[in-house]
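Here's the structure, in structure tokens; my notes come after.
The values are calculated or read from the model by the stated rules, or taken from the named source; none is laboratory data. Quantities reported herein were computed from a predicted structural model and do not represent experimental measurements. Counting neighbours? That spans all protein chains shown, and the Cβs are built from the backbone with ideal geometry, glycine included. These accessible areas exclude ligands, DNA and RNA; they are computed on the full protein's heavy atoms, side chains included. Shrake-Rupley method; radii C 1.70, N 1.55, O 1.52, S 1.80 Å.
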Amino acid sequence: MGTALSKAARVISSCVMDPSPPPHVLARSEGNKLYKGKRAEVPDWRVPWLVLWPGYAPIEFTAEVVARNPPWADPSDASRVDFSTRHSFHGPIFVDSRTKRPRNPMGRTGTAGRGLLGKWGPNHAADPIVLRVKPLGPGEQPRTVPGVPGGVPFQMVAIRRADSGQWAIPGGMVDAGEVVSQTLRREFAEEASNTDAVEAAQMEEALDEIFKEGGVRVYEGYVDDPRNTDNAWMETSVWVYFVKGPAAELLKLHGGSDATHAEWVDVDARLLDTSSGQLYADHGKFVQAAVSRAAAKLPNPYTSETDRNRAPPGDDLLAPRKRSQGVPARPQDRATRSRSPTTESSGTLASCVSAPHAE
């Protein structure tokens, strides 16, 4: 008994003293305008659930659009949800025995309820990162880009979010029963295009070329999102797709759904700087992972003078390319699977915030 208590004390002490960055920052912010005044302050050291905080009083907030119980939202009473059938990339979902609500695996956020999120617990999204090598104009010479893996002059399809004004990956929520590959294509089309009949046919041709063989998964896990709460949070699957010249030219990009507009955006050091706020939520980290993977396969983006207005040759740029087909978006049969999506999920602090604790 004494040994167990001593070990627990050491774990809690390491949680409090751990100098590593807190597991979520945006999830404790009022970055979304509807969360103004809806968050209690949570110091970094009090984020982990294992840190006792008897006086913790999160502010209850569920947005009106969610509280009206639309078809895409859970019942307002969390006890009516069978969380044993829900999947999280962070293992089994811990449900507080007192409130009957699921608990954010990364710790406290200062807000209880669901906020703007429809589901209690994990809300699953899919984010497709579509990359190309920036085409050269007449007389323009190949160059490397400082601060970008391999110096490769990548561009990505990005949307300008209407709510925050930030650039973002054109992704969205996974529908029940939908496989990730279906979500990736659907959301890309909805967010990055708003075209007439003629352009729509060209867009379909381009999407067939981009998504027919799938992409490469670069991340699965928790998203530090300003909409997260103690009881509802975002998780995502991020896939990268590389587009060659002809398909890229067929993409007629316009804003759709929640976006004001969409365009090919240069991937440079400022865009990849997660502290710059150029990209929404954790999207900067996702794009970093994507360009690192692509750059590792693409050391020389322009092979010759005659090739410089097209993407480099090679069908295996992001091989393997068929893993996304049939990947379930809500794989209940993997509910017992627990995995660490990135190295950021490992270490003392992560083990602290993931552990259930009843206050």
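Observations, loosely collected:
- Karplus 3J(HN,Hα) series, Hz, for the range 80-90 with 6.51 cos²θ - 1.76 cosθ + 1.60 (x for Gly, Pro): 7, 9, 8, 6, 5, 9, 8, 10, 10, 5, 9
- In this calculation the C-beta distance from GLU30 to GLU178 is compared with R0 = 30 Å, giving a FRET efficiency of 0.40.
- Placing unit charges on the Cβ atoms only, positive for Lys and Arg and negative for Asp and Glu, gives the range 60-123 a dipole magnitude near 120 debye about its Cα centre.
- List ARG98, ARG186, ARG270, ordered by accessible area with a 1.4 Å probe, largest first: ARG98, ARG270, ARG186
- Protein-only accessible surface at a 1.4 angstrom probe places the residues TRP72, TRP264 in the order TRP72, TRP264, largest first.
- Largest to smallest principal axis extent of the C-alpha atoms in the range 70-187, angstrom: 67, 28, 28
- Relative contact order of the range 62-199: 19 percent, from C-alpha pairs under 8 Å at least 6 residues apart in sequence.
- Protein accessible area in the range 61-184, 1.4 Å probe - carbon and sulfur %: 52
- In a fully extended conformation the segment linking ARG143 and GLN202 would gain 18.2 nm over its present Cα-Cα distance, using 0.36 nm per residue.
- Straightening the chain between ALA57 and ALA40 buys 5.4 nm, computed as 0.36 nm per residue apart minus the Cα-Cα spacing.
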